[in-house]
Each structure stands twice: as C-alpha cells, then as structure tokens.
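Notes for the one structure printed next.
Just so it is clear, none of the values below were taken in a lab; they were calculated from the coordinates. Just so you know, these numbers come straight off a predicted model, no measurement behind them. Please note: Cβ atoms are built from the backbone with ideal geometry, for glycine as well, and neighbour counts cover all protein chains shown.
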Amino acid sequence: MSRYAMVIDLQRCVGCGSCSIACRNENNVPDGIYWSNKITETVGTFPNVRHHYIPTLCNHCEYAPCVRGCPTKAMHKLDNGITMHDPKKCIGCKYCEFNCPYGVIYFNWKEPHQFWKNNKALFKGGTSSPREEVEKIGAKKTPYFNPERGATLPANRPKGVVEKCTFCDHRVRKGLLPRCVEACPANARIFGDIKASDSDVAKLLGKFRPFRLREQLGTNPHVFYVRDFNPAQYRPTKGGV
Amino acid sequence: MSAKKGLFSTWLTVLGVAVLIGLYTAYKLFSEGHGLFNTNDVILWSLPLGVYIYLALVSSGLTLLSALPLVFGIRKYEPFAKRLVFLSVATLCGAFVSIGLELGSIFHMIYYMLSPNFSSPIWWMGAIYGVELVVLTVKFALMHKGDWHSGLSKLLATASFILALVAPLMIGSIFGITESRVTYFGPVMSIYCLLMAFMSGTALFLFYSLLVNKLTGNGVPAELYDEFTLIFTYATAIVVGFTLLKFTIESATVVPEFLVYHKFEHAFGAIQGFHTEVLLGLFLPFVLLLIPSVRNSVGGKIVTSALILIGTLLMHMEILLAGQSHPVGPKAEQYPEFVKYFPSIWEFLVFLFALTIMLILYTLGERYLKLTEVPE
C-alpha cells in the first residue's frame, strides 16, 4: 500500500497563493476556513529585514494527535496514510482542532457559504445578488461548487463539524494529483508515494536535507520542506569586535 | 407557613421561566450553530466548557466525600451521605446540560457507542461520567428505599468512588496530553483537577447544606459541619500549595511556550502579578479558614465556601482561556498574538440553563427525598 507524502520546495515557491485558491475551489472550502494556508515571518530589524513564507496544510501525521483524541473515530487514518474526517461521526467537540499542533483544522461555527444565500444586490437593477448568481449557474450553494468533492466527503460540510485538508483523497484515488499540486505554477509541490524508492518524493528527500514543522513533537508529519528561497548576497567577512 | 409556601411557588416559577429560556437557547444553538458563541478557531472552548469542567469536578468531589460514610464506614457522617450522593447526581446533570449545548453536533452522539476510540481521553471522560451518573442514581434509589448496607449498595458506593477518582484525572489528561499546548502542564493537570474536584465538592456541600439549614431549620448537628470544615481547610491547603508550586514553575521556566504565555493578559486581572481569582477565590478564603473563630462560625463557613466556589470556576476559566489564547501555526495569520474573550449572551444562557437544572433537582430533592435521612 502507498504512503502518500508531499514535499514543498521553498526555493521554488513564490508565495502566489494559487495553491490556496485552487484548494478552496476544489474542496468547496467556506469563508474563514483554510485547508491550505501559510505562515509568514518577518525577521531582523529595519533596514536589515527579510520576509519568509511557509505554505501549510494538514501534515497527515503518522501519529496524528487529532486521530488519537477523536472520541468517535470521525478523524481517522486511511491505509495510504491520509488523515481523513467523517463529518457524519463528528460530534463537534473540537478536540482535534484543540489537539492539532499545526493549526490546520477548522470548525464550521455556522452554516457554510451563507454569503451566497444573500438576496441583496450591490446595485439594485444593476448587479445580481449572490443568490441570483448561484441560481443562474445552477450550482449548489456557491457558483464555484465542485460536485466531485462529494465522492468521499459531503461536498459541503454542515455546521457543527470540523474540516481540514484530505490531500484531495477523491482525486488521488482516481490517480490524479491533489489540486494544490496541480495548480502550483512553480512546481513547488511534489506529491507521491514515500515508500516507493523511485518516486519523485523519495528522490527529493534523499537529495536535500528536509525539515518538518514541529518535528520534536514526534507526530511524524508527512509534509516535508526542502531548500529555501534566499537571493541575498553578502561580502565574505569575519565580523568584528 | 403560607408565606413560605408562596416563596416556594415563586422560586419554582423563576426556575420554570429559566428552563424555558434554556430550551429556547438550545433551539437557537441547534438551528443557527455555535457562531452564536463568542468563540473562534483560536478560542475554541469557552464558558460552557469551563462550566462543564467545573460542575463535573464538583460532582466528583461530592462523590469522593460521600465515600467517607459509604465506603470507608465513618458512620458519624451518615447524615450527610444521602444528600452528598443526590447533590452529586444533580450537579452532574447540570454539567451534562452545559457540555451538551457546547457540542456542535450532539445528534451524532450515537457514534460515541457505535465507534468508540479507546485512545481518546474525551471518550473515557464521557464514558466514565455516563456510567457514574447511572451508578450514583441507582445507589441513591437504593438508599432512598432504606438499603444502605447490602452487598449491591456497597458495591455501587465503591464503584462510584473509583469512578469519581478516575474521572477528574481523565479531564486533566484531555489538556495534559495535548502536545501543542505545554502550558497545560502535562500530567500535572490531572492531579490538579483531582485536587480541585475534592476542594470544590466540599465547598459546595458546606455552602449548600448550611444555606438549607438556615432556610429550613431542620439540620444536622453543628459539630459535624465543623469537622467537614476542617476537611475543607485541609483540601484548600493542598490546592494552595499546589497552586504556589505551579506558579513557581511557570515563572521560573524558560520554555518558549511559557515565555509567550507570560505575555497573556489575565482574563480576570491581576494584583501584583498574582491572578485576582486565585488571590480572592483561593488564598483569601484559605487565610480566613485558618482563623478558628471564622472557621467555626456558620457565616464564616458560608462566606469561605462561596468564595472558593466562585474562585474555582474562575480559575478553571483562566486556565482554559490562557492555554488557548495564542493562535497555533498559520492561524496567527488571521488572528492577533493573543485573542481576547468575553462570553456572548448565549454562552451565559447555557450557564444559566445548567445552573437551573441543578437548582430544580436540588429544590425537588430537598423537598421530597428526605436527604438527611440515615439508616435505621
């Protein structure tokens, strides 16, 4: 059985955010919820400052605290290593979200996609209301509704349950790459079977010195980061006293 | 007599109105979702969960106290036993109301039984408290029928004692095993919850019993309350010592998460760096309890136990909020470094509903179930 993992090449990543937008479209992600996200960091003091950018998503940990803590096994592991969530079993206790060391699980505090139910046009007689837009397209809840997401998970999750990245399991089972990987214009995301020695993922991990987020916690995350984008130059120096 | 009857009817009417408000709150939460709470993806657990922890621990404390006459055979405390068991059941019912309205999808609770996860402390906590409620209810029914010392009755008393001992440890482990939140102190949190359970259970029993004695006059000998107050003082002393130890570790450590935690503005303010609720809700009553004239007076007992009851709730809330206030990972992109919280009206109404259910049970139990009865 495959064990899926993702490598993110930080040298290739330009921080354009197309992974997040693609994810949102593919998985019908509601406002305020981010299956694909980022950590930005500013280091140094002016004028010697730099900006760092780390894309984030569910780490599909081998020893996932969210899975261990879920009282009803709504959060569970698939044989291929993907951490999956079953909203039908979720009691909405939010312990997985509380327990996740990576901040990648979100709770549906209210009915998702409420904006698109709004009947009020921005300019009456000039523009259509969000609801009219959805109806014209014949979509469900949002104009960008993707019914394919519904293959393994309710296409739109209800209020009162959590949700998170599933490595696009509905695509992977059809032999397709996760949508964020496909959408990345810089090929910064590489996905595959970490157990297969000839996979691109395995090759990359052997070539560079990867790191993972909060490795010291022992969760064994399966999102790896390699290289770093840094065009800065400096004159060779030994410093001074 | 008729004035008393009128007061009782008014009290029941007030409770009835509060139940209706509670039912409306439940309807609103189930239909509109928990967006009605002042919570977000950083502060996930708020007042309703704090109230649940508080009431569940108080209930455990009451059961532990009831073990003195029922398990350890200290017969002079038998006049307290029935009331202790009853209060434990009623308080646990209040706790379940609060947690029930905190859950996002309570109708999926069937999977608690159909798909149990034995590695989850939440599962164990729910299961233990569920079983404890049943055991205590049956035990109370037996006592009410006059069966205090049969084999089954003793077995149930022992079982409820063990369950009440394990349940607070399990509540503590929910926080303690969370890898990402070291400020919850790991396994220490379980011990802390157990100590808090015993102290707050004793406080509730003293406060409630003395108040009922004042109102109805049909009480138990005052010396017994003095002995219980001494137990209460010892319990408070242990919690004071444990809290000081916790503060010392907190302030001395240089673990990064604790350094961030130090920047957190205390939810209930601080006096000279010490949390207000700890000073006024734990240290002050402890000092008062050390004064014999205060400890031995009815007023002193009521005031100190009331202070501890309020202080304990606030201490649970402070710990709950402080551990969540700092966003984890990429959530720092959406939220400030520390997220502040004040309950919404709906969260206060959940609290009110839980209290109302408790108070209704207390009232009816006191009226109809002869709670100071002893075996012949």
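Please list, or write none, the aspartates and glutamates whose alpha carbon is within less than 15 Å of the alpha carbon of B:Lys263, excluding same-chain residues fewer than 8 places away. Partners found: B:Glu250, B:Glu318, B:Glu337.
Normalised Debye scattering of the stretch B:41-363 at q = 0.07, 0.09, 0.10 Å⁻¹ gives log10 I(q)/I(0) of -0.28, -0.47, -0.58, counting only Cα atoms as equal scatterers and leaving out solvent. Here A:Lys195 is the anchor, and the lysines within straight C-alpha reach of less than 28 Å, apart from those fewer than 8 places off in the same chain, are A:Lys38, A:Lys73, A:Lys77, A:Lys164, A:Lys174, A:Lys203, A:Lys207. At each listed q (0.18 Å⁻¹), what is the log10 of I(q)/I(0) that the Debye formula gives for the stretch B:302-356 modelled as equal alpha-carbon point scatterers? So the normalised log intensities work out to -0.80. The relative contact order of the stretch B:41-363 comes to 27 percent, based on Cα pairs under 8 Å that sit 6 or more residues apart. Shown here for the stretch B:213-309: trypsin sites (Lys or Arg not before Pro) in loop regions (DSSP other than H, G, I, E, B) with at most 11 other Cβ atoms within 10 Å, namely B:Lys263. Listed by chain and number, the aspartates and glutamates placed with their C-alpha closer than 19 angstrom to that of B:Lys154 are B:Glu78, B:Glu132, B:Glu373, B:Glu376; residues fewer than eight positions away on the same chain are left out. Counting only the backbone N, which residues of the stretch B:30-48 are under 18 Å from the spot 7 Å out from the Cα of A:Lys110 toward its beta-carbon? Backbone N within reach: B:30-44.
Taking amide H atoms as placed 1.01 Å from N in the peptide plane, the amide H of B:Ala270 lies under 5 Å from those of B:Thr276, each 5 or more residues away in sequence or on another chain. Neighbours of A:Cys100 by Cβ distance under 14 Å: Lys/Arg scored +1, Asp/Glu scored -1, total +2. About the centre of its Cα atoms, the protein assembly as shown shows a dipole size close to 920 debye [charges on the beta carbon of Lys, Arg (+1) and Asp, Glu (-1) only; nearest 20 debye].
Restricting the stretch A:152-241 to chymotrypsin sites (Phe, Trp or Tyr not before Pro) that sit in a DSSP loop and have at most 11 other Cβ atoms within 10 Å of their own Cβ leaves A:Tyr234. By the beta carbon rule, with partners counted only under 4.7 Å, the protein assembly as shown holds these lone Cys residues: A:Cys13, A:Cys16, A:Cys23, A:Cys61, A:Cys70, A:Cys90, A:Cys93, A:Cys100, A:Cys168, A:Cys184, B:Cys93, B:Cys193.
Subtracting the Cα-Cα distance of A:Tyr144 and A:Lys88 from their residue separation scaled by 0.36 nm leaves 17.8 nm. Inter-label distance, A:Ile137 to B:Ile345: 3.6 nm, where each label sits 7 Å from its Cα along the C-beta direction. As a length-normalised measure over Cα pairs under 8 Å and 6 or more apart, the relative contact order of the stretch B:215-351 settles at 22 percent.
If R0 equals 30 Å, the separation of the Cβ atoms of B:Glu227 and B:Glu373 corresponds to a calculated FRET efficiency of about 0.90. Shape analysis of the stretch A:79-128 based on the Cα gyration tensor places the equivalent ellipsoid semi-axes at 36, 13, 12 Å, largest first.
Relative contact order of chain A: 31 percent, from C-alpha pairs under 8 Å at least 6 residues apart in sequence.
With the cut-off at under 20 Å, measuring from each backbone N in the stretch B:84-122 to a point 7 Å along the Cα-to-Cβ line of B:His144 picks out B:84-97.
The magnitude of the dipole of the stretch B:41-363, with charges of +1 and -1 set on the Cβ of Lys/Arg and Asp/Glu and taken from the Cα centre, is near 880 debye.
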